[in-house]
Structure formats: structure tokens, C-alpha cells
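Below is one structure, written out as C-alpha cells, with a few remarks after it.
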Amino acid sequence: MTLADLLWFPPLMLAVAVVVGTAGRRRGEIAVAIRHTFVALVLGVTAVAAVVRILVILLA
């Protein structure tokens, strides 16, 4: 992973969180839904990255 990938990660995840978080929500729920979606996406990507990193270390 390069520095450019790390710099693009937060804005890209925020864009995905806005689209997914606003789908089917009412006006008052949008901000909370976007925040929850962003946190869930970041945690999910981090968990997958950690598992892949552990597998690489174990199998290398």
C-alpha cells in the first residue's frame, strides 16, 4: 500500500458512507446513519487488512 492509497482511503470511504448511509433514511436520521456507516466500513476494511496481514506473515 502506498501513501497515495492511504490518502485516498478516508475520502473514498466517506463518499461510500454518504451513499449507503442516506439510502432509505429520513431527514433526521441521515447524519447518524452516515457516521455509523463510515465507522463500520473503516472497521471492516481494517479487520480484513489485519487478517490478510496475519496470513501473509504466517504463510511467508
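The values are calculated or read from the model by the stated rules, or taken from the named source; none is laboratory data. All of these numbers come straight from a predicted model, not from anything done at the bench. Cβ: placed from backbone, ideal geometry, glycine included. Neighbour counts: every protein chain shown. Surface areas here come from the heavy atoms of the whole protein model, side chains and all, with no ligands, DNA or RNA. Shrake-Rupley method; radii C 1.70, N 1.55, O 1.52, S 1.80 Å.
For this structure, a couple of remarks:
- Answer residue from region 1-19, given it is open to solvent by less than 80 Å² (accessible area, probe 1.4 Å) and touching a helix residue (DSSP H, G or I) at 6+ places or on another chain (Cβ under 7 Å) and is farthest from Leu43 (Cα to Cα) among those: Val18
- Scan of region 23-60 for residues that are over 29 Å from Met1 (Cβ atoms) and either in contact with an Asp or Glu (Cβ under 7 Å, 6 or more places away or on another chain) or open to solvent by 100 Å² or more (accessible area, probe 1.4 Å) (or both), ordered by number: Arg25, Arg26, Arg27
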